[in-house]
1. Within the stretch 111-168, which residues are aliphatic (A, V, I, L, M), part of a strand (DSSP E or B) and in contact with a helix residue (DSSP H, G or I) (Cβ under 8 Å, 6 or more places away or on another chain)?
2. Could you please tell me which pairs satisfy a Cβ distance under 9 Å, a separation of 6+ or placement on different chains, a first residue in the stretch 426-442 that is buried (at least 21 other Cβ atoms within 10 Å of the Cβ) and in a loop (DSSP other than H, G, I, E, B), and a second residue that is modelled with pLDDT of 95 or more and of a type in the set (Gly, Ala, Ser)?
3. So the check is Cβ under 7 Å with 6+ separation or different chains; which pairs have a first residue in the stretch 330-349 that's not assigned by TED's automatic domain parsing to the domain that holds Pro386 and a second one that's in a helix (DSSP H, G or I) and open to solvent by 10 Å² or more (accessible area, probe 1.4 Å)?
4. What are the residues in the stretch 46-78 that are surrounded by fewer than 16 Cβ atoms within 10 Å (Cβ to Cβ), part of a strand (DSSP E or B) and among the hydrophobic types (A, V, I, L, M, F, W, C), if any?
5. Listed residues Asn257, Asn252; which is without any contact (Cβ under 8 Å) to a residue 60 or more places away in the chain and surrounded by fewer than 20 Cβ atoms within 10 Å (Cβ to Cβ)?
6. In the stretch 79-115, which residues are open to solvent by 20 Å² or more (accessible area, probe 1.4 Å), in contact with a strand residue (DSSP E or B) (Cβ under 6 Å, 6 or more places away or on another chain) and within 12 Å of Leu416 (Cα to Cα)?
7. Do we have any residue at all in the stretch 393-404 that's closer than 27 Å to Ile433 by Cβ, part of a helix (DSSP H, G or I), among the basic types (Lys, Arg) and near the ligand (Cβ under 10 Å from one of its atoms)?
8. Just to be sure, is Val228 in the same structural domain as Pro385 (by TED's automatic domain parsing), more than 12 Å from the ligand (Cβ to nearest atom) and either buried (at least 22 other Cβ atoms within 10 Å of the Cβ) or part of a helix (DSSP H, G or I) (or both)?
Amino acid sequence: MSFIVQQHDRLNVYVEDLTHDGSGVAKVEGYPLFIPGALPGEQVEVQVGKTLKNYGFAKLLEVIEPSPQRVEPPCPVFWDCGGCQMQHLSYEGQMIQKQKQVRDVIDRIAKLPNVPVHPVKGMDNPWRYRNKSQIPFGEQNGRIVSGFYKSRTHHIVDTDVCIIQSEEADLLMATLKREMLILGVDAYNERTHKGLLRHLIVRKGKATGEIMVVLVTSKRKFPEREAVVEMIKRVVPEVTSIMHNVNSEKTNVIFGNETSCLYGKSFIIDSIGDIDFEISARSFYQVNPEQTEVLYKQALDYAQLSGGEMVIDAYCGIGTISLFLAKQAKEVYGVEIVPQAIEDAKRNAELNGLDNAHFEAGAAEDVIPKWYEQGKRFDVLVVDPPRKGCDEKLLQTILTYKPKRVVYVSCNPGTLARDLRILEDGGYKTQEIQPVDMFPQSSHVESVAWLEI
Ligand code: SAH
């Protein structure tokens, strides 16, 4: 409840800012209103919706003076679909906003106004970049639908195209939807728990062209499988792997525990720079390989390795950064909490003939202190934590043993800024920060920070 504006008020406001999830922000006598679809610099007419004590929401009715950066979203379902948040802002405008988003938290939370935050490294062509699509299938009013979820819901926004995914994924999504009933396959219904096909997953090795298709069904019994395999091969002859996963649980989780191979190999190979990776149906792998290379090169640049260093890669996933580092370091120690990812990391190290990369499954905050207690010493520590940032105990370990250089790869500027402040208070000096755009058209931004003690 607010006393400054009331629900249903129609107001003419100036948009000052953009939130990290892509809503415009206008202030009415200091009271912030969040306006989805509005852009900074715009004069807009809005209708006030829900109001809380410290902020409220409003619906955009009309853009009176548009931002020079406003563009027509090229995707026809952009305003419904929750996949992208920024298609109404030019790519140049997205780059400016993402840099500003990092700059703001580095000033406000890390309190480091003098640390340079460089312009974002973006893509020359910020479309069709995703190498993985996870597409839900369902039924709406007797029709099969497939596409992506509306923001914060499980409502499928039906579409035949998604211009940030591969053309092959478009083709498979649309053809399967059109032909599956003819083949005798119905779509799973989350509410009634009836129907067969839950998800279509398409993964593409961008560097190798290899393509994997995964069909997730609610039952093991799948007599139409051969007809579906033939259909997939006809539509996209480049497919090298077709997998079947069974998920019979009532759950939001996409994969079940049973996976079998229907056609071809059970993995695809992709490479980033000169390192090859084997990717199976459920492996974690960065979704934008072109920008991943930019991100890892930046991390490697900041690590400044000359061949003799002992390096830690904390939160290493399938060891992608570790293997990059291993080429230029004496030894790399990677740690990751998901045991399956560590198995992948070890296999990938072997695949690339890198015997100086070692991997251990466990929590970074437990395993790294153990390494130190065993007497190992490290020159450089790379961290790439999930959105919640580094564990407090890991930060304390860093401050106890003080490796000379820390390279912090972050997918969340807010927690990066919080952790930089803790490391600064413990004696580290942040040298510079390079944001990289891994997810064009979305509101996410990745950054790499370089610290020295
Ligand atoms: N560096 C990898 C993955 C980064 S994503 C890459 O670039 O591909 C963050 C990873 O941290 C995830 O794989 C997640 O499983 C892992 N993780 C989450 N909490 C962890 C913890 N406490 N200790 C170690 N790893 C953790």
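The values are calculated or read from the model by the stated rules, or taken from the named source; none is laboratory data. Keep in mind the model is a prediction, meaning the values are calculated, not measured. Cβ: placed from backbone, ideal geometry, glycine included. Neighbour counts: every protein chain shown. Heavy atoms of the whole protein, side chains included, go into the accessibility calculation; ligands, DNA and RNA do not. Shrake-Rupley method; radii C 1.70, N 1.55, O 1.52, S 1.80 Å.
1. Of all residues in the stretch 111-168, those aliphatic (A, V, I, L, M) come to 112, 115, 117, 120, 123, 135, 144-145, 156-157, 161, 163-164.
Subsequent filtering for residues that are part of a strand (DSSP E or B) retains 117, 135, 144-145, 156-157.
Correct list: Val117, Ile135, Ile144, Val145.
2. Once the first residue is buried (at least 21 other Cβ atoms within 10 Å of the Cβ) and in a loop (DSSP other than H, G, I, E, B) and sits in the stretch 426-442, its partners that are modelled with pLDDT of 95 or more and of a type in the set (Gly, Ala, Ser) give Asp437/Gly122; Pro440/Gly122.
3. Once the first residue is not assigned by TED's automatic domain parsing to the domain that holds Pro386 and sits in the stretch 330-349, no partner that is in a helix (DSSP H, G or I) and open to solvent by 10 Å² or more (accessible area, probe 1.4 Å) comes close enough.
4. Leu61, Ile64
5. Details: Asn252 fails: without any contact (Cβ under 8 Å) to a residue 60 or more places away in the chain.
After ruling out the rest, the residue left standing is Asn257.
6. Hit for the stretch 79-115 is Arg103, nothing else.
7. For the stretch 393-404, residues closer than 27 Å to Ile433 by Cβ, part of a helix (DSSP H, G or I), among the basic types (Lys, Arg) and near the ligand (Cβ under 10 Å from one of its atoms): present.
8. Details: in the same structural domain as Pro385 (by TED's automatic domain parsing): no; more than 12 Å from the ligand (Cβ to nearest atom): yes; either buried (at least 22 other Cβ atoms within 10 Å of the Cβ) or part of a helix (DSSP H, G or I) (or both): yes.
No, not satisfied.
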